[in-house]
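First the structure, in the form of structure tokens, and then the observations on it.
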Amino acid sequence: MQGGAIPCAMKAKCAYFGKCSGCTLQQFPYVKQLADKTRRVRSELAPLLPNSVSPEMIQSTIPSPSEHAYRSSGKLCLHEDELGRRSIGLYERGSKKVVDIPQCSVHHPEINRLVEKLFSFGKKLPAKLYQHNKKGFQADRLKFIVIRYCPDTREFGLVISHTGVDQAALKAWAEGLRLSNVSFYEALLTAEDDDLVMARNVNHLAGPKTFRFRIGSRDFQIDPIAFFQANSSLINSFVETIAAPHQGDVLVDLYGGFGTYSFQAAERFRKVVVVEANPHSIESANELIKRESIANVQTLASSVEDYLKTVLKKPEAKEVTDIIVNPPRSGLSRYVVDSLQAKAFEKLQRITYVSCDLTTLKRDLRELTRSGQFIIENAIPFDMFPQTDHIENVVRIVKNPKARVPSGPQPKPTSAAISQRPPLAKAKVGAGPRLNPKVQPKAKPLRAR
């Protein structure tokens, strides 16, 4: 930031800061957090810009309207010590010790209220809680709780993860809470996936099977397994930024979730294809298509690699003008990068890359622009997670008008080239429990957003 000094430090708002692993930047004023994030993105991406594009096309970080109380989702540890004393919170930095945090300063207040209600009812929980600081698998215990919330509809989705608790007893506990606006699910963790927050074995327990999540003027019917951005105060402008520049013949939305970006842009295309491996997300997209009679959006429950292997052999690849990619933290596989530059996509004009990881984003952009077929037009960082060092980036890549049409055979998918998404993300030490946002319960193991 220019034009004056920025205060370097301040007292953190959260009483648990420094001990809890969730937030890392609360000691810095928000203006400094934004300036540092902008500087980081420009430092990493500016070397990849063509000479014709000014570094200023990497825009300043879009601030969150809410610096605190912005998270519409939370992932918390359920823990008890050797004396049976119970706590709920996140891991202490650098360890598996759980910091008791019944009120998190970045969670939406309604999530904190629900946690308080759940835990006040916790004496009736039908099992012991996990001892996270102990090694080895612990059967018949409750381990994690995942909460998703929509402020506009005031509805919740909740998943409680356990290692073999009696389902009937857990169902009776959930029903006993008498919360009609909460969709309750359970996730069974086995010894093989004990270090995960959520596994594939997920079942509905109580309450409605879905809850309404509103983006713009649309209500999506989703379950707690479906992924959506956690900052409810910024999500509408984020979605609009991604979708707005896209118009053409055919839009393909890879790793498309329940079609958040696709539906926003659909009216500007003859056809839209949403490609997503999570069947729960596809069900949500299909429900909206049916409810609103949207004729030009097609969904495919498929891995991105499998979709590309098929479409590159068909004439329809020549109709694609726009692509959106929103891969997991691990980024794009080598095969996907090569496929996006394949001769079959001869009319492809624009790619928007949405990324939550600056390292893999930089790697993939370097490969996508290496041949000169595509160039970076601009990049827009969003501060979806104030008080943390995470940055969400939206990068626009466009066809280089001076580029030569690629020749040669289409990319061949090999076991070495196709890097499937990690089936599930581990609960990362020092960063609180994490889950793969596009976990694939009871589904074909194609990939697990």
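Side notes on the structure shown:
- Beta bridges by DSSP in the chain, antiparallel share as percent, to the nearest 5: 60
- Of LYS343/LYS402; LYS117/LYS171; LYS362/LYS399; LYS96/LYS362; LYS314/LYS399; LYS37/LYS362, those spanning more than 26 Å from alpha-carbon to alpha-carbon: LYS96/LYS362
- Cα-projected label distance for ASP389 with ALA69, points at 7 Å along beta-carbon direction, nm: 2.9
- Contour excess over end-to-end distance, with Cα ends at LYS19 and LYS313 and 0.36 nm allotted per residue: 100.5 nm
- Net charge of Cβ neighbours under 14 Å - reference PRO386; Lys, Arg +1; Asp, Glu -1: -1
- Summarising the amide proton neighbourhood of GLY89: residues at separation of 5 or more, or on other chains, whose placed amide H is nearer than 5 Å comprise CYS77, ILE101.
- Sites GLN247 and LYS402, calculated FRET efficiency, Cβ-Cβ separation with R0 22 Å, nearest 0.05: 0.45
- Charge context of ILE351, other residues only, Cβ under 11 angstrom, K/R +1, D/E -1: 0
- Note on ASN201 and ASP166: with the Förster distance fixed at 22 Å, the Cβ-Cβ geometry gives a FRET efficiency of about 0.90.
- All distinct Cα pairs of segment 1-91 go into the 1/r average, and the inverse of that average, the Kirkwood radius, is 16.6 Å.
- When shorter helices are ignored and each DSSP H run of at least 4 residues is given -39500 (n - 2.57), the per-residue value for the chain at 222 nm works out to -6000 deg cm²/dmol.
- Extension gain for LYS347-ASN51 works out to 104.1 nm (0.36 nm per residue, less the C-alpha to C-alpha distance).
- Within the straight-line cut-off of under 17 Å between alpha carbons, the aspartates and glutamates reachable from LYS309 are ASP253, GLU276, GLU319, ASP338, GLU346, sequence neighbours fewer than 8 places apart in one chain being disregarded.
- Separation of the SER237 and THR360 label points, Cα + 7 Å toward Cβ, nm: 2.7
- DSSP-assigned coil residues among trypsin sites (Lys or Arg not before Pro) in segment 276-379, each with at most 15 further Cβ atoms within 10 Å: LYS313, LYS343, LYS347, ARG370
- Full extension of the chain between ASN296 and LYS135 yields a length gain of 52.8 nm, computed as 0.36 nm times the residue separation minus the alpha carbon distance.
- Normalised alpha carbon radius of gyration of segment 176-256 [divisor 2.2 N^0.38 Å]: 1.44
- Each of LEU312, LEU49, LEU196 has some number of other Cβ atoms within 10 Å of its Cβ, and from fewest to most they run LEU312, LEU49, LEU196.
- Segment 73-215: translational diffusion in µm²/s, Stokes-Einstein, Kirkwood Rh over Cα pairs, 10 °C, 1.306 mPa s: 103
- Label assignment, semi-axes √(5λ) of the Cα gyration tensor in Å derived from the structure, set [x] 50, 23, 20; [y] 39, 32, 19; [z] 37, 26, 20: [z]
- Two-site FRET efficiency, ARG268 against GLU82, from Cβ-Cβ distance with R₀ of 60 Å, rounded to 0.05: 0.50
- Beta bridges per DSSP, both residues in segment 73-215: antiparallel share near 70 percent.
- Unit Cα scatterers, Debye sum, segment 60-132: log10 I(q)/I(0) for q = 0.13 Å⁻¹: -0.45
Values quoted throughout were computed directly from the atomic coordinates according to the rules given, and no laboratory measurement underlies them. Because the structure is predicted, anything quoted here is derived from the model rather than measured. Positions of Cβ are backbone-derived with ideal geometry, glycine not excepted, and every protein chain shown enters the neighbour counts.
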